[in-house]
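The structure appears right after this line, and notes come after that.
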């Protein structure tokens, strides 16, 4: 990102230096403001989760916790079994769905780059078309609930979103950039397509695979819409859907604590905010490690044929 | 391929013997066998979860009965559509869908390019990395969480915004009851969530532009602004076109979570925030009007598809190389 290499030799070095300083100041001010605006809500929610119910009701949300306490977290993690159960569901669908989806998408993307595969254009169109046209919600809903009988199953949270057309195209772009001579040489040496894929293509494409894999993990972790349509059993609620449920249903948390056999007066607002923190917690923890993959991996420019 | 190589060394069985007498078939298998197998899982999954529902659009032309199934239900022609377009809801959701999405596309594109241009000028790797990390973060959270964030800001009694306004003596505003404010609120929310990712796409292109162009421009005495106008922006056009096309394709299956969670699905806000997607969902799950929901869904898909074709046609007229298909 450094612009040092492009610094020009201007005729009047002084004025350039000055305008550069003013320019840099303005640019940094703008970007700093924008960055803070992006971070601010996270701080507010975090603060609220450590505040007391009364302080929020009376004084409103703020940037620092008021009457710091961890009651909300105790309530969610100790008094209620549901939060941990939902965590388990989310972790399960993410750790099964993302790798499986990545494998399926990578395989088809690789096949589409093989020059001797005569149906590669047809397959590309088959995938591309799903990005442009969809049957809509009702046919999917009837298919899944009536014909496939997938309502209230773990499978419905995983299987329908295994293949995402756009990500297949991104992977294809990656595989296409691999040195062709290498793949040809493997073929001549008697390596089959499967072996070439797993032993040569996969190790050489880690940035691309990591990017799509992370996208996929994010999609599974953040999915609440599938549950909204197809999940009614609380034992199968993913964490995001649990979070959605308590937006609309103030009493849902009470219900949960009663199920666990404990009757406590819950800190309602802080408990909700603590739920938000728990729902984004794993993302925030992984963020410093995965963000650079995203940054490196996103190259949409050559998406086109 | 391994199998093809092996056949010559292993004693030929009846099957391989037959294969060898058909060299064309043999070559076909060698070229397409493994790739086809590799495609199979994706093809099957998309067939079930993307293509079967496409055939399911016929539901919109039927009086669907759960006991009779899709094929057994009776055809009723355009009755569902007549009901849909007989209400003023049809106009409202169409207008909101188009208007809000065009706002998102235009403000998003401008904002993302602007931020990318500025990021490209930042001197100091550490600072640039901080900005990028901060702005990218909202992209990673779900719309449910965003809904909570927005609520913490706009909540009438405890919200940050009303607290802030109170300092200037402005009375608390019940944001969730005032539909007029919501196009702006939704645009800001959408920008907030998308700017990190969106600007990154453009920044990636900018970093790929050969420095030689800029060197040459500087020798010719071009100002910074001129460099941006005549070198940077033209390089971005292909990406702008591709992203805009995909956004247009996505218009009619808009970001459901944005309209559903951020508004907390408040009926008072429907006049400006109800889009086709939220209506399809409501008709199906809350009004239990399957026919109307299916009709709205078909309307959504068909118009979306036509929009993409038109957008692509326009791009093709201007510059055939940049058309999507």
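Nothing in this text is a laboratory measurement; each read-out follows from the coordinates by a stated rule. Source: prediction; values computed, not measured. We place every Cβ from the backbone using ideal geometry, glycine too, and count neighbours over all the protein chains shown.
Largest GNM mean-square fluctuation across B:100, B:25, B:78, computed for chain B with C-alpha springs under 10 Å, falls on B:25.
Remark: the range B:93-206 is approximated by an ellipsoid whose semi-axes, taken from the C-alpha gyration tensor as √(5λ), come to 29, 19, 13 Å, largest first.
Helices in chain B, meaning DSSP H runs of at least 4 residues, each add -39500 (n - 2.57). Divided by all residues, the mean residue ellipticity at 222 nm is -21000 deg cm²/dmol.
Among A:193, B:215, the order by Cβ neighbours within 10 angstrom, fewest to most, reads B:215, A:193.
Principal axis extents of the Cα atoms in the protein assembly as shown, from largest to smallest and rounded to whole angstrom, are 89, 82, 52. The order of the peptides B:279-285, A:214-220 by mean Cβ neighbours within 10 Å, most packed first, is B:279-285, A:214-220. Its relative contact order, with pairs defined as Cα atoms under 8 Å and 6+ residues apart, puts the range A:73-297 at 34 percent. Summarising the label geometry, the points placed 7 Å from Cα in the beta-carbon direction at residue A:234 and residue A:37 lie 4.0 nm from one another.
Shape analysis of the range B:138-193 yields a ratio of the Cα radius of gyration to the Kirkwood radius, Rg/Rh, of 0.99. Across the range B:79-322, the mean sequence separation of Cα contacts (distance under 8 Å, 6 or more residues apart), normalised by length, yields a relative contact order of 29 percent. Ranked by how many other Cβ atoms sit within 10 Å of their own Cβ, fewest first, the residues A:64, B:98 fall in the order A:64, B:98. Counting Cβ atoms of other protein chains within 10 Å of each residue's Cβ and taking the mean over peptide A:116-128 gives 4. Rounded to the nearest 0.05, the FRET efficiency derived from the C-beta distance between residue B:114 and residue B:181 at R0 = 22 Å is 0.35.
Per residue of peptide A:61-74, the mean number of Cβ atoms on other chains within 10 Å of the residue Cβ is 1. Working ranking of peptides B:206-213, A:43-50 by packing, defined as the average number of other Cβ atoms within 10 Å per residue, highest first, is A:43-50, B:206-213.
P(r) tail, chain B: Cα-Cα pairs separated by more than 34 Å, 48% of all pairs. Note on the range A:73-297: Rg/Rh from C-alpha atoms, Kirkwood Rh, equals 1.07. Scaling against 2.2 N^0.38 Å puts the C-alpha radius of gyration of the range A:48-150 at 1.88. A straight chain from residue B:83 to residue B:167 at 0.36 nm per residue would run longer than the Cα-Cα distance by 25.3 nm. Exposure proxy ranking for A:121, B:62, A:66, based on other Cβ atoms within 10 angstrom of each Cβ and starting from the fewest, stands as A:121, A:66, B:62. Peptide A:26-35 shows a mean partner chain C-beta count of 6 within 10 Å per residue C-beta. Protection proxy ranking, highest mean first, for peptides B:133-146, B:157-170: B:133-146, B:157-170, where packing is the per-residue count of other beta-carbon atoms within 10 Å, averaged. Extension gain, residue A:178-residue A:67: 0.36 nm per intervening residue step, less the Cα-Cα distance, totals 34.2 nm.
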